[in-house]
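Single-structure report; data block below.
Bear in mind these aren't lab numbers, they're just calculated from the coordinates by the rules spelled out. As the structure is a computational prediction, the values presented were derived from the model and not from experiment. Positions of Cβ are backbone-derived with ideal geometry, glycine not excepted, and every protein chain shown enters the neighbour counts.
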Ligand SMILES: CC(C)(COP(=O)(O)OP(=O)(O)OC[C@H]1O[C@@H](n2cnc3c(N)ncnc32)[C@H](O)[C@@H]1OP(=O)(O)O)[C@@H](O)C(=O)NCCC(=O)NCCS
């Protein structure tokens, strides 16, 4: 496995595909290649020894004081090897370097986020999220009411 690295332009199709393979189960929100291309600098990826992307995570900014960890996905062939935890740590590190005072995420992987230093948070603290996700998914806000996690960075 190669070290966690920024994404490259040619990764866009693979990143959208990796994220979207979990969409049917409701684990990730759909992401178009155009979303990936527009957020390329906000992705961090893990590649296997052949250079294929096997894991990714992305930062989605709401304002200079608020960012969400999104599009966390690992190829099932590589689950439970610690890649998810490493990607979360990389996203937190990137968010801290960019000066955000807080990062949050909505995920069913409660234990993984708790072990990564996140704590439960009331999603209603983030009305910006409701506004943005109303356009993408009816369920996201409902899920967030039980599975929202945040970490202060400042
Ligand atoms: C969530 C997801 C990214 C986790 O990826 P992962 O690489 O399997 O994550 P990790 O290996 O770091 O941790 C997963 C579990 O394996 C365990 N684990 C880690 N290393 C391990 C090892 N060497 N051996 C056995 N278990 C291990 C962890 O303790 C963790 O347990 P938990 O589920 O009880 O928290 C992955 O399951 C996935 O892509 N899911 C679908 C998409 C999704 O749900 N994304 C979240 C949206 S925010």
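Against the numbered list (1) near the ligand (Cβ under 9 Å from one of its atoms); (2) farther than 17 Å from residue 109 by Cα, residue 53 comes up short only at (1). Per the conditions (1) closer than 23 Å to residue 137 by Cα; (2) assigned to a strand (DSSP E or B); (3) within 15 Å of the ligand (Cβ to nearest atom); (4) in contact with a helix residue (DSSP H, G or I) (Cβ under 6 Å, 6 or more places away or on another chain), the sole criterion not satisfied by residue 62 is (3).
Residues considered: 14, 95, 105. Of these, the only one that is touching a residue at least 12 places away in the same chain (Cβ under 8 Å), assigned to a helix (DSSP H, G or I), surrounded by 14 or more Cβ atoms within 10 Å (Cβ to Cβ) and within 13 Å of the chain's Cα centre (by Cα) is 95. Does residue 33 count as away from the ligand (no atom under 12 Å from the Cβ) and more than 13 Å from the chain's Cα centre (by Cα)? Yes. For the structure I just gave you, tell me whether residue 73 is part of a strand (DSSP E or B) and either in contact with a helix residue (DSSP H, G or I) (Cβ under 6 Å, 6 or more places away or on another chain) or within 11 Å of the ligand (Cβ to nearest atom) (or both). Yes, satisfied. More than 9 Å from the ligand (Cβ to nearest atom), under 11 Å from the mean Cα position of the chain (by Cα) and closer than 20 Å to residue 140 by Cα: is that true of residue 67 in this structure? Yes: the conditions hold for residue 67.
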